[in-house]
Amino acid sequence: MKQFGDHIRKKRETLRKDDKSFSLRQVAVRLGIEPAYLSKIERNVFPPPSEEVIQKLAPMLDEDADILLAMAGKLSTDLQRIILERPTLFAEVIRELKKAPNHAILRITREVRDGKW
Amino acid sequence: MVELKNNELIFNFPQVHPHASCRLDFQKTLRIPDDNREYELPPGLGSFAMEHTDDHVSKIPKDWSEHGGVFLPMYQSEALWINFSGAAGPYGRDYPFAVKIATGKINAVTGESWSDKLVKNPQDYLVVPDQPWLDGYCVKKGLIRQFVAMPLGKGYTAEEQLTGEATHGGLQVIVYPMKRERYEAMQKENRKMFSGDVCYSMNMVSEALPMGLAPGGLMRQKIYEDEYGFDVWDQQHSSRCFIHILNSSQWETITGRPVPGKSPSATDYTQAGLPWFEYYNDKLNAISGPEKLSGLDSVAAKGIKLGEEPLDQNDPVYPQNIQKLSSAKNQVTDGKW
């Protein structure tokens with residue numbers, strides 16, 4: 001499985017080709033962390049940062065926050081709260097959906113209902 | 001299928017292609033002066049909040065519930081623009097879509113009444129992502145009139161001016177993905193290149209006037225011709241959504257939450273030296289504005305005919321800080337300050 005650090009470094013460096021504000025230093029400043037800390041995260045020397053930092057980083061890199069959190073082995077606070085309300089049920093649902101194809105999973109996400117215009 | 005996530009409408013077509021995902025959000029913005037001068041593109045000031053109509057069935061008018069969809073809050077004479085984005089596939093190419101936009105079931109590109117089908121000639125749809133946003137009604141080649149919220153029933157909206165009736169209001173959207181085989185062929189070409197809750201009385205809401213969109217000030221914005229050809233659109237698959245617009249007090253009554261503050265005036269924004277924008281895409285041709293839409297009265301002009309003053313703070317502005325945006329991922333370049 002691809003490591004969190006490798007993934008964000010690759011994405012940041014891709015963006016830096018067109019926009020110099022995606023240098024390690026400038027991204028770290030925007031995240032409010034030390035460049036050295038970000039560098040170590042990108043090299044997988046340090047584990048992924050806090051949820052708060054990942055939530056700031058995701059839109060900056062045009063990434064989905066839930067995906068980055070999952071890569072970091074974390075679950076967003078809102079998802080934790082949702083699961084903790086009905087942990088057994090959600091554990092069962094997730095296991096049931098493990099082998100379901102993408103389109104079947106998308107069907108159970110909430111749709112905006114179209115009606116009669 | 002259509003989802004509402006983080007105040008974005010996401011039109012997914014997993015049955016067509018995994019990359020077929022088109023996103024729309026509605027941006028708060030300055031209302032440009034309605035004085036027949038041509039203005040640059042105003043900024044985006046954040047997305048309007050949106051809610052599922054199904055979550056508030058007991059508090060919304062019955063016909064809104066029948067329409068389904070979502071609703072968003074706007075102050076009277078507030079402006080909006082529609083931002084389009086996609087999920088970039090490999091090799092940096094977003095999946096293309098044909099998108100029809102209507103207000104009060106009047107097509108914003110042609111002025112014709114709503115139909116679910118795409119029309120080739122005159123082209124009645126936008127091509128996304130070539131068209132990165134839409135700020136108003138296409139009134140002339142390279143010119144639009146800004147979308148401005150006005151109460152239905154007062155005669156200002158495009159719907160009322162063209163049909164004489166205030167029936168629908170709101171915004172309507174339908175999205176068609178490109179055919180899978182055409183997209184995959186394009187990908188191959190690109191690959192080669194790269195190898196390099198509160199209880200209220202129902203009456204309070206149902207008796208209040210809903211909002212519609214009316215043509216405001218003039219803005220330089222092109223609506224681009226379909227460069228792919230009509231046959232590439234997969235008309236077997238489409239998703240549509242009705243976006244109802246309510247005023248701030250209706251929003252608070254229905255959702256129990258306050259409406260975020262008003263956008264600054266164009267004068268205040270410009271005097272603060274904040275940027276306006278120009279968008280360039282020289283590779284694409286613009287379509288002409290239809291007579292139906294070019295003949296509409298703007299809100300200010302209609303107000304004069306009605307003996308009303310519907311717009312406050314409508315003085316001309318003279319933006320100095322204009323930033324140029326190119327079609328390459330909407331990059332910002334520095335302009336004339």
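The values are calculated or read from the model by the stated rules, or taken from the named source; none is laboratory data. Quantities reported herein were computed from a predicted structural model and do not represent experimental measurements. Cβ atoms come from the backbone with ideal geometry, glycine included; neighbour counts cover every protein chain shown.
The figures follow:
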| read-out | value |
| --- | --- |
| Members of region B:113-130 found to be within 15 Å of B:ILE223 (Cβ to Cβ), modelled with pLDDT of 95 or more and not in a loop (DSSP other than H, G, I, E, B), listed by number | B:LEU126, B:VAL127 |
| Among residues of region B:238-259, those that are in a loop (DSSP other than H, G, I, E, B) and surrounded by fewer than 16 Cβ atoms within 10 Å (Cβ to Cβ), counted | 3 |
| Pair list, Cβ under 7 Å, 6 or more apart: region A:1-29 residue within 21 Å of A:ALA72 (Cα to Cα), other residue β-branched (Val, Ile, Thr) | A:GLY5/A:ILE41; A:ARG12/A:VAL27 |
| Among the residues listed as B:GLU227, B:GLU252, the single one being of a type in the set (Asp, Glu) and either within 14 Å of chain A (Cβ to nearest Cβ) or under 29 Å from B:VAL16 (Cα atoms) (or both) | B:GLU227 |
| Odd one out for B:ASP54, checked against (1) of a type in the set (D, E, K, R); (2) under 20 Å from the mean Cα position of the chain (by Cα); (3) within 10 Å of another protein chain (Cβ to nearest Cβ) | (2) |
| Any chance B:ASN12 is at positive phi and either out of contact with any strand residue (DSSP E or B) (no Cβ under 6 Å at 6 or more places or on another chain) or buried (at least 18 other Cβ atoms within 10 Å of the Cβ) (or both) | no |
| Within region A:72-113, tally of residues that are at pLDDT 85 or above, part of a helix (DSSP H, G or I) and within 14 Å of chain B (Cβ to nearest Cβ) | 2 |
| Failed item, numbered, when B:ILE144 is tested on (1) closer than 23 Å to B:LEU325 by Cβ; (2) in a helix (DSSP H, G or I) | (2) |
| Members of region B:161-183 that are in a helix (DSSP H, G or I) and not charged (D, E, K, R) | B:GLN161, B:LEU162, B:THR163, B:TYR183 |
| Filter result (more than 7 Å from chain A (Cβ to nearest Cβ), over 15 Å from the mean Cα position of the chain (by Cα) and charged (D, E, K, R)) within region B:1-29 | B:LYS5 |
| Residue identified as farther than 18 Å from A:ASP6 by Cα and among the hydrophobic types (A, V, I, L, M, F, W, C) among A:VAL29, A:VAL45, A:VAL53 | A:VAL29 |
| Matching residues, region A:24-63, being part of a loop (DSSP other than H, G, I, E, B) and within 25 Å of B:SER85 (Cα to Cα) | A:LEU61, A:ASP62, A:GLU63 |
| Residues located in region B:30-51, provided they are of a type in the set (A, V, I, L, M, F, W, C), away from chain A (no Cβ under 12 Å) and closer than 30 Å to A:ILE105 by Cα | B:PHE48, B:ALA49 |
| Filter pass, B:ALA79 being more than 28 Å from A:ASP64 (Cα to Cα), surrounded by 17 or more Cβ atoms within 10 Å (Cβ to Cβ) and more than 10 Å from chain A (Cβ to nearest Cβ) | yes |
| In region B:222-237, the residues that are out of contact with any Phe, Trp or Tyr (no Cβ under 7 Å at 6 or more places or on another chain), surrounded by 19 or more Cβ atoms within 10 Å (Cβ to Cβ) and part of a loop (DSSP other than H, G, I, E, B) | B:ILE223, B:ASP226 |
